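Single-structure report; data block below.
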């Protein structure tokens, strides 16, 4: 480990939790209830966030909505140019999504390319009634015409900066931070 | 740093334990793709793969073809009979001609040991060995490893006995090398005439009686007995072989615990394996076939790697941050 990188916290643990709860409420509101709702997280941290949203909905609505996981690696548009093959994670869509309202959950929305891949992948599983997008951080910088329906926090980050979301289950703490790219190893 | 496989997959002897683990771990998420309504991902779109089969094969060729198609590659099958190979063209000329048509990968099965290596040294495309002579059949070895790992949750420390014609079996060699690298204990059992002379140097336990092998093993990998071995004088008769080395239900029931049953196919029922074992509760023979597609998808995906000089730019754009 080199010198500690210069980081600015966007969300601390408490704000993180509060934001996810609000997003869960907004998802239920957008869907007019929990009927037909499916929450799908994008590997890896989107899956953790999706699980938190599902349990938050369960607390309030007393109902467990189906949740899935999507790994978009095999649908990336830059596979022809990347070097060693990226690690492929598990995809798990537990219900037939035909006619359902699928909410994609991811940690950071940046270029929009991940979401493009996710939309293509979901189409191979069926034809949902609607697909919505919920992200914890929208950092701007889109390269495709993709916009989120539900946003935890919107910031405007420079291309030289990176936004990292950390979750308890993987990183040992909940936080969202922004740092200069060079400073992060 | 994740390990990479390099340009070709020629055998398990030269892979490291980390590389084998990478393939098995990568195969895991690929299983799910074959369960989807639309069994296809766009990963190898635009890649052209030639399946060059100089020996008859149904299972392996079909398995590779499914793996290629489910990754969206374009595939061409070339069989030795009915091609220019039967007109006397050399292996290298065949491959160079194919390469001149801008292909990306070759899957080769050939009767000569070392054919895949020979080809890999001479063409730019990725080469995958789908069985070369009595040398190796790496994707079969890998799918056996994956099936075993699925059932035992690990490979380290498990005991696997390979039963039958080990000498002529490329499946046996790939299994022995793959399993020992992953920390499994390997036994072999068969008529002395069908065990290689150098078997003692391969780090395996030799069993002369199949009963002892069953008593020792957590899993048996039962090899197909090539019927031509009898005419060649390696064994007295198929009936005698079945009586001495055949895996029957009675023999399995005498063991004190459950023994998992694998077979690479095609089976000679009533020779090396009895029907009630092949179809019995401990048989994972069809799971092996299912896993074969996932393992081959994983190998194709891992070998299809892009160009190293582009890796740097990809790091910047890879993933949303």
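The values are calculated or read from the model by the stated rules, or taken from the named source; none is laboratory data. Model, not experiment: these values are computed from the prediction. Backbone-built Cβ (ideal geometry, glycine too); neighbour counts: all protein chains shown.
Take residue A:107 and decide whether it is buried (at least 21 other Cβ atoms within 10 Å of the Cβ), in contact (Cβ under 8 Å) with a residue 40 or more places away in the chain and within 14 Å of another protein chain (Cβ to nearest Cβ). Yes: the conditions hold for residue A:107. Of all the criteria given as (1) farther than 20 Å from residue A:56 by Cβ; (2) within 19 Å of the chain's Cα centre (by Cα); (3) at pLDDT below 95, the one not satisfied by residue A:111 is (3). Return the residues of segment B:77-91 that are at pLDDT 85 or above and in contact with a helix residue (DSSP H, G or I) (Cβ under 8 Å, 6 or more places away or on another chain); say none if nothing qualifies. Passing the criteria: B:77, B:78, B:91. With respect to (1) away from chain B (no Cβ under 14 Å); (2) free of Cβ contacts under 8 Å to residues at least 40 places away in the same chain, the lone exception for residue A:94 is condition (1).
Taken over segment A:1-33, the criterion of being over 22 Å from residue A:157 (Cβ atoms), modelled with pLDDT of 95 or more and not in a helix (DSSP H, G or I) is satisfied by A:31, A:32, A:33. In the set A:69, A:50, which member is within 11 Å of another protein chain (Cβ to nearest Cβ), under 16 Å from residue A:106 (Cβ atoms) and modelled with pLDDT of 95 or more? Of the residues listed, the single one that is within 11 Å of another protein chain (Cβ to nearest Cβ), under 16 Å from residue A:106 (Cβ atoms) and modelled with pLDDT of 95 or more is A:69. Just checking: which of the helices (runs of 4 or more DSSP H) contained wholly in segment B:1-120 hold 2 or more residues that are over 28 Å from residue B:203 (Cβ atoms) and without any contact (Cβ under 8 Å) to a residue 60 or more places away in the chain? Because the criterion is at least 2 residues that are over 28 Å from residue B:203 (Cβ atoms) and without any contact (Cβ under 8 Å) to a residue 60 or more places away in the chain, the helices (runs of 4 or more DSSP H) in segment B:1-120 that meet it are B:17-33, B:59-70, B:91-100. Given the condition part of a helix (DSSP H, G or I), more than 25 Å from the chain's Cα centre (by Cα) and either surrounded by fewer than 20 Cβ atoms within 10 Å (Cβ to Cβ) or at pLDDT below 95 (or both), answer yes or no: does some residue in segment B:293-308 qualify? Checked against the condition, which is being part of a helix (DSSP H, G or I), more than 25 Å from the chain's Cα centre (by Cα) and either surrounded by fewer than 20 Cβ atoms within 10 Å (Cβ to Cβ) or at pLDDT below 95 (or both), segment B:293-308 yields at least one hit. Checked against the criterion of being surrounded by fewer than 22 Cβ atoms within 10 Å (Cβ to Cβ) and away from chain A (no Cβ under 14 Å), the candidates B:25, B:74 yield just one match: B:74.
Put simply, of B:188, B:171, B:204, B:210 the only residue that is more than 22 Å from residue B:265 (Cβ to Cβ) and either at pLDDT below 95 or buried (at least 18 other Cβ atoms within 10 Å of the Cβ) (or both) is B:204. Of the listed requirements (1) part of a loop (DSSP other than H, G, I, E, B); (2) within 29 Å of residue A:158 (Cα to Cα); (3) in contact with a strand residue (DSSP E or B) (Cβ under 8 Å, 6 or more places away or on another chain); (4) within 8 Å of chain B (Cβ to nearest Cβ), residue A:80 misses just one: (3). Of the strands (runs of 3 or more DSSP E) lying entirely inside segment B:122-208, those containing at least 3 residues that are over 30 Å from residue B:93 (Cα atoms) are B:159-163, B:185-189, B:205-207. Tallying residues that are in a loop (DSSP other than H, G, I, E, B), without any contact (Cβ under 8 Å) to a residue 24 or more places away in the chain and touching a helix residue (DSSP H, G or I) at 6+ places or on another chain (Cβ under 9 Å) within segment A:34-72 yields 1.
Kindly indicate whether residue B:104 is away from every other protein chain (no Cβ under 12 Å), under 30 Å from residue A:120 (Cβ atoms), modelled with pLDDT of 90 or more and surrounded by 14 or more Cβ atoms within 10 Å (Cβ to Cβ). No.
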